[in-house]
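Please treat every number below as a calculation from the coordinates, not as lab data. None of the values given here were measured: they were computed from a predicted structure. Here Cβ is always computed from backbone atoms with ideal geometry, including for glycine, and neighbour counts include all displayed protein chains.
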Amino acid sequence: MNIYIVRHTIAASIGNENESAITEKGKIIFNRNLEFWSSVSPRLDLVLSSPIRRALETAELINEHFDLPFDVITEKGLAPGASTELVIALTNSLNKNDIAVVGHLPDVAYHVSNLISNSGANVVFLPGNVAKISFDGEARLRAGFLEFLISSKK
């Protein structure tokens, strides 16, 4: 199984953080990351997303880029404060091999660390970054291999 941990791309700062939309600059940066992502890992089966607007809009860009036949699956548990255990349970329950999970900082950095390290890996996750973590079989804590981290400056 491969899990792609994605931080939503750049969003506008407005009063209600839950309603912040991604910016044009965020779209440009993330589309560049999507081009590279699909060139090294062209397959994707499904996209899971936090219900928060900026994450959902990022997830929809992924869905469109990979031309997936299914809608993004919105999961309340992926809102800020999501646990890695929930990510594991969700991805393992779907019977798919390549799953993108779109969320928020600091959660996404914790997920990568928890999935690849026994002692905690310090992962810097900028808006729009993508980490591919592969597993031999189902996802498990500390059993993943970090294959790549796509990162671009703001």
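For residues that are of a type in the set (Gly, Ala, Ser) and in contact with a His (Cβ under 9 Å, 6 or more places away or on another chain), scanning just region 120-154, find the one that is nearest to ARG43 (Cα to Cα).
Of everything passing the filter in region 120-154, ALA131 is nearest to ARG43 (Cα to Cα).
Six or more apart or on different chains, Cβ under 9 Å: which pairs go from a residue in region 86-108 that's within 17 Å of ARG53 (Cα to Cα) to one that's basic (Lys, Arg)? Could you list them?
VAL102/ARG7; GLY103/ARG7; HIS104/ARG7; HIS104/ARG54; LEU105/ARG7; ASP107/ARG7; VAL108/ARG7
Report, by residue number, each residue of region 45-96 that is crowded, with 21+ Cβ neighbours inside 10 Å, touching a Lys or Arg at 6+ places or on another chain (Cβ under 9 Å) and part of a loop (DSSP other than H, G, I, E, B).
Once the filter is applied, which keeps residues that are crowded, with 21+ Cβ neighbours inside 10 Å, touching a Lys or Arg at 6+ places or on another chain (Cβ under 9 Å) and part of a loop (DSSP other than H, G, I, E, B), region 45-96 yields only SER50.
Being under 14 Å from PRO80 (Cβ atoms) and in a strand (DSSP E or B) is the filter; apply it to region 102-136 and report the residue that is nearest to the chain's Cα centre (by Cα).
Filtering first and then ranking leaves VAL102.
Considering ASN31, ASN2, ASN18, which residue is out of contact with any strand residue (DSSP E or B) (no Cβ under 9 Å at 6 or more places or on another chain), among the polar types (S, T, N, Q) and within 21 Å of ALA82 (Cβ to Cβ)?
Of the residues listed, the single one that is out of contact with any strand residue (DSSP E or B) (no Cβ under 9 Å at 6 or more places or on another chain), among the polar types (S, T, N, Q) and within 21 Å of ALA82 (Cβ to Cβ) is ASN18.
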